[in-house]
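Here the structure is laid out as structure tokens; the discussion comes afterwards.
The values are calculated or read from the model by the stated rules, or taken from the named source; none is laboratory data. All figures in this text were calculated on a predicted structure; none of them were measured in a lab. Positions of Cβ are backbone-derived with ideal geometry, glycine not excepted, and every protein chain shown enters the neighbour counts.
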């Protein structure tokens, strides 16, 4: 299987290195120092136990046009980065190319394909402003995915896994398609847990439960997951936000296979991990706020579900994001 990975960051790197080591034909689309490092010496993955996997012979290119057509595209950039590159994805697509979306938050295709409800065909503006993505990617090409690993790009060409190796897959229409099962098998052969779900939207909400609460709370407080979960006030705030999100998801037909307390316990178990949103604040990068939080508020308005706790945290994060962007700065807590 030929696999193009758009975005050779932490998640793209973990996937690409292990797939390449398992014999798949992997092409990274990368840029800057990361591209140069991969072209010069391949990409290294440091596993949780400290062992290393080195994919020396992977192909790495700067543009999708240079990469050419592939069987499968793993779209591993962040949610707010998909729109600006959507038009160029056509260079990777043949008639049967599948696009695997690995973004956190409510995906742009949520109501556009395979959704059976009154909102069918509706655009989620916070996930796809102006429909920019939908204009360039047929939602029927999409295989949804939920990303559970936590990893960091330690330096150009080197990814370190903090925890996890599970990527849940699912067709938006709930079918157990041959293409989804084939991808699941390839990922399994590479050492991942990659079950195919018949209800990928419910799986998305299960992951989003944590993202919409722990990510902004961590970015505002500069606390790790374990600290947020063990500090009574922030644990209570996360729980309140999750309850609001659960009411929205339920109104849209999603179900939760675990309860809130078990979900919080799972986050606590990850330990002293900085969420991706906190990492972005510290690095001065654009913050993945709209797909993770703004989209949930949007769906709350659609379903007439109040979201006072989510609204308050979102307002604080929007102001922080604007301040960092306006000043071209970053925010890091350092020893006095």
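With respect to residue 298, is the statement that it is touching a residue at least 60 places away in the same chain (Cβ under 8 Å), in the same structural domain as residue 211 (by TED's automatic domain parsing) and assigned to a loop (DSSP other than H, G, I, E, B) true? No: the conditions fail for residue 298.
Where residues in the stretch 301-328 are surrounded by fewer than 11 Cβ atoms within 10 Å (Cβ to Cβ) and assigned to a loop (DSSP other than H, G, I, E, B), which of them is modelled with the highest pLDDT? Checked the stretch 301-328; the qualifying residue modelled with the highest pLDDT is 304.
Conditions tested, residue by residue: (1) part of a helix (DSSP H, G or I); (2) surrounded by fewer than 18 Cβ atoms within 10 Å (Cβ to Cβ).
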position: 115; (1), (2): no, no
position: 121; (1), (2): no, yes
position: 152; (1), (2): no, no
position: 172; (1), (2): no, no
position: 209; (1), (2): yes, no
position: 217; (1), (2): yes, no
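Just wondering, is there one or more residues in the stretch 104-123 that are touching a strand residue (DSSP E or B) at 6+ places or on another chain (Cβ under 6 Å) and touching a residue at least 12 places away in the same chain (Cβ under 8 Å)?
Filtering the stretch 104-123 for residues touching a strand residue (DSSP E or B) at 6+ places or on another chain (Cβ under 6 Å) gives 107, 109.
Restricting the remaining residues to those that are touching a residue at least 12 places away in the same chain (Cβ under 8 Å) gives 107, 109.
Within the stretch 104-123 (the criterion being touching a strand residue (DSSP E or B) at 6+ places or on another chain (Cβ under 6 Å) and touching a residue at least 12 places away in the same chain (Cβ under 8 Å)), the answer is yes, since at least one residue qualifies.
From the residues in the stretch 133-150 that are modelled with pLDDT of 95 or more and assigned to a loop (DSSP other than H, G, I, E, B), which one is surrounded by the most Cβ atoms within 10 Å (Cβ to Cβ)?
So the residue we want is 137.
Could you tell me whether any residue of the stretch 255-269 is touching a strand residue (DSSP E or B) at 6+ places or on another chain (Cβ under 9 Å), modelled with pLDDT under 95 and more than 25 Å from residue 111 (Cα to Cα)? Checking the stretch 255-269: at least one residue is touching a strand residue (DSSP E or B) at 6+ places or on another chain (Cβ under 9 Å), modelled with pLDDT under 95 and more than 25 Å from residue 111 (Cα to Cα). Taking the stretch 174-203 as the range and being in contact with a strand residue (DSSP E or B) (Cβ under 6 Å, 6 or more places away or on another chain), in a helix (DSSP H, G or I) and closer than 17 Å to residue 115 by Cα as the test, the residues that pass are 200, 203. Scanning the stretch 244-295 for residues that are over 20 Å from the mean Cα position of the chain (by Cα), part of a helix (DSSP H, G or I) and in contact (Cβ under 8 Å) with a residue 60 or more places away in the chain yields one hit, 244. Number of residues in the stretch 219-241 that are in a helix (DSSP H, G or I), within 22 Å of residue 279 (Cα to Cα) and over 18 Å from the mean Cα position of the chain (by Cα): the value is 12.
Within the stretch 74-98, how many residues turn out to be within 14 Å of the chain's Cα centre (by Cα) and within 17 Å of residue 134 (Cβ to Cβ)?
Total meeting the criteria: 6.
Filter the stretch 41-87 down to the residues that are touching a residue at least 60 places away in the same chain (Cβ under 8 Å) and either farther than 30 Å from residue 124 by Cβ or outside the structural domain of residue 126 (by TED's automatic domain parsing) (or both) and list them by number. Across the stretch 41-87, the qualifying residues are 41, 42, 43, 44, 45, 46, 47, 48.
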